[in-house]
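What follows is one structure encoded as structure tokens, with my remarks underneath.
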Amino acid sequence: MLLKDKVALITGGAGPNGLGFATARMMAEQGARIVILDLAQADPAGAAARLGPQHIGVVADVTDKASCELAARTVLETCGRIDVLVNNAGITQPRKTVDITGADYDAVLDVSLRGTLYMSQAVLPAMRAQKGGAIVCISSVSAQRGGGILGGPHYSAAKAGVLGLARAMAREYGNDNVRINCVTPGLIATDINKGLIPADRMVGILEQIPLNRIGGPDDVAGCVVFLASDLARYCTGVTLDVNGGMLIH
């Protein structure tokens, strides 16, 4: 098993059809003890219970630093260590540039970018103390291609910020044997985009994807598991594209 006896935290992981829960399920299959972090209304405890009795759910708001720190302390008290963090929590909005309000901007950047910073800050002391850990940040192809599918420009900006933040943290914490990498999913079939793309537009999107299909949550989860495992022990600061070839130039 690739993650035997590891403790893995996944933010925004309670949605049953999302990338976070798919990652949690696959990590559990690879031997990890899973901690699902999410808002109270998402029922992280219920999501964790679907994986098995040894897994736990913790209520946390990644936009609130104190909440992230409390969640990390709770995990350390319950599980004794933190080996993996998956910064998955994020939201998107279909906005045009001139329509983005200050509230829109704050909402999207707070969850995706501030949340990635706060949760990483919360777990890094434990990872440094145990001289090892892996953080995987979920960015987006939108950061690389300048949007163009569903999310507005502020979503592209937030996800591009995640790439820069992850690389900077990777450089800073490499000497502590803490690896920090990113995954950039393309268009993935989740509840966030369900029913939002008309059939005629989908035809055009598929024509731009060499593998000629929309990705599934497990397509992304497998890559996250790889980066979290010792198979990727010499990888840090990496951006791993999971987009069916959409970005081939």
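The values are calculated or read from the model by the stated rules, or taken from the named source; none is laboratory data. All values derive from a computational prediction rather than experimental measurement. Glycine also receives a Cβ, built like all others from the backbone with ideal geometry; neighbour counts cover every protein chain displayed.
So that you can scan it fast, the table gives a plain yes or no per residue for (1) exposed (fewer than 13 other Cβ atoms within 10 Å of the Cβ); (2) closer than 23 Å to GLU29 by Cβ; (3) at pLDDT 85 or above:
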| residue | (1), (2), (3) |
| --- | --- |
| ASN193 | no, no, no |
| PRO198 | yes, no, no |
| ILE209 | no, no, yes |
| ARG213 | yes, no, yes |
| VAL220 | no, yes, yes |
| CYS223 | no, yes, yes |
| PHE226 | no, yes, yes |
| GLY237 | no, no, yes |
| LEU240 | no, yes, yes |
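Contact map, region 235-249: first residue closer than 20 Å to ASP176 by Cα, second residue aromatic (Phe, Trp, Tyr), Cβ cut-off under 9 Å, separation 6 or more or different chains; pairs are CYS235/PHE226; THR236/TYR173.
Residues in region 142-187 that are out of contact with any Ser or Thr (no Cβ under 9 Å at 6 or more places or on another chain), over 21 Å from VAL98 (Cβ atoms), surrounded by fewer than 23 Cβ atoms within 10 Å (Cβ to Cβ) and among the hydrophobic types (A, V, I, L, M, F, W, C): ALA168 only.
Among what's in region 34-66 and is in a strand (DSSP E or B) and without any contact (Cβ under 8 Å) to a residue 60 or more places away in the chain, pick the residue that is surrounded by the most Cβ atoms within 10 Å (Cβ to Cβ). By that ranking, first place goes to ILE36.
Listed here are the residues, each with its yes/no results for (1) under 29 Å from GLY174 (Cα atoms); (2) in contact with a helix residue (DSSP H, G or I) (Cβ under 9 Å, 6 or more places away or on another chain); (3) not acidic (Asp, Glu).
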position: GLY52; (1), (2), (3): no, yes, yes
position: ASP61; (1), (2), (3): yes, yes, no
position: LYS96; (1), (2), (3): no, yes, yes
position: GLY115; (1), (2), (3): yes, yes, yes
position: ALA126; (1), (2), (3): yes, yes, yes
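Residues that are surrounded by fewer than 24 Cβ atoms within 10 Å (Cβ to Cβ), assigned to a loop (DSSP other than H, G, I, E, B) and without any contact (Cβ under 8 Å) to a residue 24 or more places away in the chain do not occur anywhere in region 67-78. Total residues in region 113-152 satisfying the condition of being more than 20 Å from ASP38 (Cβ to Cβ), in contact (Cβ under 8 Å) with a residue 12 or more places away in the chain and either not charged (D, E, K, R) or not in a helix (DSSP H, G or I) (or both): the figure is 16.
Considered as a group, the residues in region 121-142 that are of a type outside the set (Val, Ile, Thr) and in contact with a Phe, Trp or Tyr (Cβ under 9 Å, 6 or more places away or on another chain) include one that is nearest to ILE188 (Cα to Cα), and that residue is SER140. Note on region 83-112: among residues that are surrounded by 23 or more Cβ atoms within 10 Å (Cβ to Cβ) and more than 17 Å from GLY15 (Cβ to Cβ), the one that is nearest to the chain's Cα centre (by Cα) is LEU85. Selection within region 129-140: residues that are buried (at least 24 other Cβ atoms within 10 Å of the Cβ) and not small (Gly, Ala, Ser). The member of this set that is nearest to THR116 (Cα to Cα) is CYS137. Screening ARG95 with (1) under 16 Å from HIS154 (Cα atoms); (2) at pLDDT 95 or above gives one miss only, at (2). Evaluate region 54-69: report whether one residue or more is among the small types (Gly, Ala, Ser) and within 23 Å of ASP218 (Cβ to Cβ). Yes; the residues of region 54-69 include at least one that is among the small types (Gly, Ala, Ser) and within 23 Å of ASP218 (Cβ to Cβ).
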